[in-house]
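Read through the structure below, which is laid out as structure tokens, and then see the notes.
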Amino acid sequence: VGRADGARDEFEAFISRAYLDLVRFGTMLLGDPGRGEDLVQTALTKTYGAWSRLSDPAVAGAYTRKVMVREAGRWRRRRWVGERPTGTLPESPASDDTAENVADHLRLVDALRALPLQQRSVLLLRYMEGRSEAEAAELLGVSVGTVKSRAARGLAALRSVGLLDEDGVLERD
Amino acid sequence: MADDDLRQRLGDAANLLAPERVVDPGSIAARARRSHRRRGTVRAGVLVAAALVVGAVGVDRIVGSDDDPKVETSADGVEAGGWERLPDGPLSGRVGATAVWTGKEVVVVGGSTYLCPPAADCAGPADPPFSDGAAYDPSTREWRSIAPSPAAFYGEGAAVVAGDLYLLVSCAMERFTMDDVDTCPSTDGDVAFIRYDPDADEWTSLDAPPTGRDYGLAGVGRFVVAYTGSDERGESPDLLFDTESSAWQEIPDDPMPAVFDRTVVSSADGEALILIGAPTAALSDPSQDNNVVARFDLAARAWEELPPPPGRGYRGWGVDDLVVLEPHFGGHGGSLDPSTNAWSELPPGPDVDGWENQIAGVIGRGDAVYTDATGFLLDLTQARWIEVAPPDGRQTYPYSNVTAVGRDMFLFGGDRWDGGVGELLGDAWIWRAPRAEGEDEPDQPTTTSTTTPPRPGRLAIELVDPPGYVEGYDLAVRVAPNGESPFEHGLDDFVTDTGQRPGFMESSSLTVDVPSGSVTVQAHLTIGPGGGPRVPDFVDKFDGSLCSPVEIGVAPGATAVARMDWQTGCLESESALDPAPSDLLPEREPDVVGVISGPYPDEPDQRLRLTISTGQDDYYDRAFLDPEGGVIVSGASGEEVSAEELGRGTRVDVWTAGCAESAPVICEIEAIRIRR
């Protein structure tokens, strides 16, 4: 079963460029780095299958994220990947993180994880990846209005647990 | 400012959880390619089988271009009556057994205990594969054990010639692991070429092919064709095994350039083989990316080049008198009539993202080819694509083997996951293909089906914080169960815009009966101009939906509750749904398995008791089972069941929350699940 060597090279180049960002997205989407990486790997399988249509890296990145959001929804329905608490700190936090910062970050991760998947996806695309409302709408297959309403609700939820103040600025402990 | 702050914090959190590290894109890409390949290329022999069993109709969700692509696969086939469970056979649960229809029986042999959760990356099986087998006769609905195979294997395809099975076990190792699937062709593992004669119940070890080990097999006339899948590493001859003389011979070099994606299909009369490939030149020159096709006449030992198909395809399948080139990887494929050498176009694929990587078979008028119980089937009889999903939500990827029995699909075993616990399945099922146009009403099965139609469920939609009064505003909810056409509910149910109380919210909830399964819900809003200030975001006439359809799973007998924003009609996520009993079951293994043995007439308290199954801890024997007071009671598929359904003779899994020492023991029952 052959595939074009050129396509293989392109696919590897795409992974080389995009993998870490995809893992960050997957990690924050599921609140767990291991599952985030599994999610990326699963999505890349589908990306590879559709590679003939996706040779533009920008398209491939959006496609992979789209698959990730969809797969994340499916994984939620499977108990074997039930939500796991992240009560323990990673062994090697970034060196410039104080313990308080780490706790802040984990509080944010927990609050995100408590959000419905679609709101979480919108917040990550809009605010972590800096995508426009139109880009997020296109990627999630929803209207811009839906992106707006989901973002507003997500931000409101973060506000309700004290992670954002009324002006939208993050509160810190 | 706030955006920047949030962006910074999200980025920091992502850095904390997913710190940057060195990755090897080559190995990640290879895993993706390998997973994709396993998903898409279950190797299977091509069978041209007589139509023997044509049973009750069961049409799975039909996927057309107008369908909602967001509706995902579920076990809809069960609900539609498509799958029928067959009597249990003698084999233990397993994945990757080879199931082959001989024209008289389905022979099931080999397989593995390899359990790997869905979408997980597992190291490989710990146990060697199986060599035992059994055969199922659909005409008598009976199983028989067969002699064990001289080679243990799993995930292998087979060819059938004159009712005998031929298998090329390319990794006949003493201890075979998942890694060997990929490395075997370059390792020292043995190659076993074996034949099973069902009439004599006898296996024979035959001479292995003289060259190479990585062949696909196809039965053509009295020959077994062993063909290579690609010329990318140099061309090597294809081989013929003469089943009468038990001798191998090379097939003369084909007229094709070097090709990959090579597959061989028998002509319907068995007098020729059709070879399909794609030129390796296309790997560097996309303009050459089409298939090449040739026919080899067995009697004349001569090749003939055939016209190319109308669209790019992947595997060739023989069905009816045609050769179907399936459009894997997003091509268009085609259908070849070997009697005229004319190609026909296939119906367009479904408008479902990724369908082209999930092609699972083709259904003709008299027979079919199936390679998976999960995916999309080309129904040639009605020029359409059908989506099929396996029973029970089991995994068929990549192991559960299927075979065509006439036009129907036989499925054996697989694995099912619940609460992080995987279960190897040893059951057998048949999926009844939709009747071909003009086909007579089939005979009903002579024995009672072991499956019953699942119970319907209910969907409750509750508006979140609805106002008491709103003018110029209507909200309707369109509910489409299992991909069917939507039915509109709720217009005027929520808001009265006529009569004596215009504008008053009459109700904040709506409950509808729906079939269990996957239900798609979308709100439709009508907001008129001059509706007053109570719909603040809309000043112009609006008639449509603000939110995408949402898919909701409804368990049999359960009520799924969805919360809807009254103003936008957007549904909150699935987290708002009532959990099914299966979601509530403890994630650990049951504490004890047994059969309900009470109540006994002579006992005054008339309580249910548990008689433990063989091999269980006798500490629990005759424990009281009182399914009351918050005890979770689940059906075999996780559906809601009432305590009244627990009766004498019911096989159950039981979880306890602690027991008091007594005889018999008295336990606080945490959960009970009915076993099949």
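Output the number of residues of the range B:315-331 satisfying the condition of being assigned to a loop (DSSP other than H, G, I, E, B), of a type outside the set (D, E) and modelled with pLDDT of 85 or more.
Initially, the range B:315-331 is screened for residues assigned to a loop (DSSP other than H, G, I, E, B), giving B:315, B:320-321, B:326-327, B:331.
Those left that are additionally of a type outside the set (D, E): B:315, B:327, B:331.
Narrowing further to those that are modelled with pLDDT of 85 or more: B:315, B:327.
The number of residues fulfilling the criteria is 2.
Of the residues B:E572, B:E639, B:E603, B:E628, which single one is modelled with pLDDT under 75 and either touching a Ser or Thr at 6+ places or on another chain (Cβ under 8 Å) or of a type in the set (S, T, N, Q) (or both)? Spell out how you get there, then give the answer.
Working: B:E572 fails: either touching a Ser or Thr at 6+ places or on another chain (Cβ under 8 Å) or of a type in the set (S, T, N, Q) (or both); B:E603 fails: either touching a Ser or Thr at 6+ places or on another chain (Cβ under 8 Å) or of a type in the set (S, T, N, Q) (or both); B:E628 fails: either touching a Ser or Thr at 6+ places or on another chain (Cβ under 8 Å) or of a type in the set (S, T, N, Q) (or both).
Every option except B:E639 fails the conditions.
Quick grid of which residues meet (1) part of a loop (DSSP other than H, G, I, E, B); (2) of a type in the set (A, V, I, L, M):
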| residue | (1), (2) |
| --- | --- |
| B:Y196 | no, no |
| B:D199 | yes, no |
| B:W203 | no, no |
| B:L217 | no, yes |
| B:A226 | no, yes |
| B:S230 | yes, no |
| B:R233 | yes, no |
| B:D253 | yes, no |
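Among the residues of the range A:9-40, which ones are within 19 Å of the chain's Cα centre (by Cα) and under 19 Å from B:E356 (Cα atoms)? Working first, answer last.
Taking the range A:9-40 and keeping what is within 19 Å of the chain's Cα centre (by Cα), we get A:14-40.
Of everything in the range A:9-40, nothing turns out to be within 19 Å of the chain's Cα centre (by Cα) and under 19 Å from B:E356 (Cα atoms).
Provide a single number: the residues in the range B:332-355 that are closer than 20 Å to B:Q382 by Cα, within 14 Å of chain A (Cβ to nearest Cβ) and not aromatic (F, W, Y).
4
Residues of the range B:254-275 being within 15 Å of B:V319 (Cα to Cα) and open to solvent by 50 Å² or more (accessible area, probe 1.4 Å), which ones?
Hits for the range B:254-275 are B:A268, B:D269.
What tally of residues in the range A:35-66 results from selecting those that are at pLDDT 80 or above and not hydroxyl-bearing (S, T, Y)?
The total comes to 14.
Taking the range A:140-152 on its own, how many of its residues are more than 10 Å from every other protein chain (Cβ to nearest Cβ) and surrounded by 21 or more Cβ atoms within 10 Å (Cβ to Cβ)?
Looking only at that region, the number is 1.
In the range B:293-314, which residues are open to solvent by 40 Å² or more (accessible area, probe 1.4 Å) and either of a type outside the set (K, R) or modelled with pLDDT under 90 (or both)?
Scanning the range B:293-314 gives B:D297, B:A299, B:A300, B:A302, B:W303, B:E304, B:E305, B:P307, B:P308, B:P310, B:R312.
Which ones in the range B:240-251 are touching a strand residue (DSSP E or B) at 6+ places or on another chain (Cβ under 7 Å) and either in a loop (DSSP other than H, G, I, E, B) or within 28 Å of A:A7 (Cα to Cα) (or both)? Outline the logic, then answer.
Quick first cut of the range B:240-251, residues touching a strand residue (DSSP E or B) at 6+ places or on another chain (Cβ under 7 Å) only: B:240-243, B:246, B:248-251.
If the condition is that a residue be touching a strand residue (DSSP E or B) at 6+ places or on another chain (Cβ under 7 Å) and either in a loop (DSSP other than H, G, I, E, B) or within 28 Å of A:A7 (Cα to Cα) (or both), then B:T243, B:S246, B:I251 are the ones that fit.
Restricting attention to the range B:273-307, report how many residues are of a type in the set (D, E, K, R), in a strand (DSSP E or B) and either within 14 Å of another protein chain (Cβ to nearest Cβ) or more than 20 Å from B:S344 (Cβ to Cβ) (or both).
From the range B:273-307, those of a type in the set (D, E, K, R) are B:285, B:289, B:295, B:297, B:301, B:304-305; that's our starting set.
Applying the additional criterion that residues be in a strand (DSSP E or B) yields B:295, B:297, B:304-305.
Now drop any that are not either within 14 Å of another protein chain (Cβ to nearest Cβ) or more than 20 Å from B:S344 (Cβ to Cβ) (or both), which leaves B:297.
Summing the residues that are of a type in the set (D, E, K, R), in a strand (DSSP E or B) and either within 14 Å of another protein chain (Cβ to nearest Cβ) or more than 20 Å from B:S344 (Cβ to Cβ) (or both) in the range B:273-307 gives 1.
Which numbered condition in (1) open to solvent by 20 Å² or more (accessible area, probe 1.4 Å); (2) assigned to a strand (DSSP E or B) is the only one that B:E387 fails?
The number of the failed condition is (1).
Quick one: how many residues across the range B:138-149 are open to solvent by less than 30 Å² (accessible area, probe 1.4 Å) and part of a strand (DSSP E or B)?
In the first step, residues of the range B:138-149 are kept if they are open to solvent by less than 30 Å² (accessible area, probe 1.4 Å); the result is B:138, B:146-147, B:149.
From what's left, part of a strand (DSSP E or B): B:146.
Of the residues in the range B:138-149, 1 are open to solvent by less than 30 Å² (accessible area, probe 1.4 Å) and part of a strand (DSSP E or B).
If B:I251 satisfies every condition in (1) more than 29 Å from B:E356 (Cα to Cα); (2) buried (at least 22 other Cβ atoms within 10 Å of the Cβ) but one, which is the exception?
In the conditions (1) more than 29 Å from B:E356 (Cα to Cα); (2) buried (at least 22 other Cβ atoms within 10 Å of the Cβ), B:I251 misses (2) alone.
Taking the criterion of being more than 7 Å from chain A (Cβ to nearest Cβ), open to solvent by 50 Å² or more (accessible area, probe 1.4 Å), at pLDDT below 70 and not in a helix (DSSP H, G or I), would at least one residue in the range B:3-19 satisfy it? Write out each step before concluding.
Taking the range B:3-19 as the starting set, the residues that turn out to be more than 7 Å from chain A (Cβ to nearest Cβ) are B:4, B:8.
Checking which are open to solvent by 50 Å² or more (accessible area, probe 1.4 Å) leaves us with B:4, B:8.
If we keep only those that are at pLDDT below 70 too, we end up with none.
No, the range B:3-19 contains no residue that is more than 7 Å from chain A (Cβ to nearest Cβ), open to solvent by 50 Å² or more (accessible area, probe 1.4 Å), at pLDDT below 70 and not in a helix (DSSP H, G or I).
The values are calculated or read from the model by the stated rules, or taken from the named source; none is laboratory data. It should be emphasised that the depicted structure is a prediction, and the values quoted were computed from it without experimental measurement. All Cβ positions, glycine included, derive from the backbone under ideal geometry; neighbour counts span all protein chains shown. Each accessible area value is taken on the protein alone, full model and side chains, heavy atoms only, with ligands, DNA and RNA left out. Shrake-Rupley method; radii C 1.70, N 1.55, O 1.52, S 1.80 Å.
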